[in-house]
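This report refers to the structure that appears directly beneath it.
The values are calculated or read from the model by the stated rules, or taken from the named source; none is laboratory data. If you're wondering where the values come from, they're calculated on a predicted model, not measured in any experiment. Every residue, glycine among them, receives a Cβ derived from its backbone with ideal geometry; neighbour counts consider all protein chains shown. Note: accessible area is taken over every heavy atom of the protein model, side chains too, but ligands, DNA and RNA are not part of it. Shrake-Rupley method; radii C 1.70, N 1.55, O 1.52, S 1.80 Å.
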Amino acid sequence: MAFVKWEPKFEVGVAAVDAQHRMLFEHVNALFDAMQAGQGKDEIGKTLSFLAKYTVDHFKTEEDLMQKSAYPGYADHKAIHDELTRQVVELQGKLAKGSQMLSLPVMHFLRDWLAHHISEEDKKMALHLNAAGIH
Ligand SMILES: [Fe+2]
Ligand SMILES: [Fe+2]
């Protein structure tokens, strides 16, 4: 069973963003599966790198759209993206060093972060994008 299930309530109404959010859920599920399967830190590290890279690319997509449409909440939204990126890089470092294992609390953190950020900040952003004619 999937660890995180994409649901219609996560739809924000901007096609490119919604497609990427679905992929993010899939990458989080892949990471969970790797953890459940007891994969070693190299394999987990690869899966996490993939998720991290996809996340950074996704944030860039949103930030470009926010800038293009002069979104007033851009700086705050970007700061939240930057903080998550920092946390993921830190996690990658700890896993690589072996000072931390990928654990259920870490997975819950990623899942809750994703669900919360989409439901709050991304939806607010999407309202503005929609009003600016971006769907
Ligand atoms: Fe966002
Ligand atoms: Fe997003």
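A Förster radius of 22 Å combined with the Cβ-Cβ distance from K124 to V89 puts the calculated FRET efficiency at roughly 0.30.
Converting phi to 3J(HN,Hα) with the Karplus coefficients 6.51, -1.76 and 1.60 and the offset θ = phi - 60°, region 77-87 yields 5, 5, 4, 5, 4, 4, 5, 5, 4, 4, 5 Hz in sequence order, with x at every glycine or proline. Between the helical axis of 15-36 and the longest alpha-carbon principal axis of the chain there is an angle of about 10 degrees.
Across the chain, Cα pairs under 8 Å and at least six residues apart give a relative contact order of 37 percent. Which residues in region 1-45 have a backbone N closer than 16 Å to a point placed 7 Å from the Cα of H135 along the Cα-to-Cβ line? It comes to 12-19, nothing else. Considering only C-alpha atoms, what is the centroid distance from region 80-135 to region 11-74, in Å? Answer, in whole Å: 8.
The C-alpha atoms of the chain define a longest principal axis, and helix 41-68 lies at about 10 degrees to it.
Distance between the modelled labels on A30 and A2, one decimal in nanometres: 1.5 nm (7 Å Cα→Cβ projection). Pairs of Lys residues in region 12-131, spaced 8 or more positions apart or belonging to different chains, with C-alpha separations under 18 angstrom: 16 in total.
The candidates I118, I134, arranged from most to least accessible area with a 1.4 Å probe in the full protein assembly, appear as I134, I118.
For the chain, pairs of C-alpha atoms spaced more than 26 angstrom apart make up 24 percent of the total.
For region 43-106, the relative contact order works out to 43 percent when only alpha carbon pairs closer than 8 Å and six or more residues apart are counted. Ligands, DNA and RNA left out, the accessible area of region 12-131 computed with a 1.4 Å probe is 58% carbon and sulfur. Site pair D64 and A115 shows an inter-label distance of 3.1 nm when each label is modelled 7 Å from Cα along Cα→Cβ.
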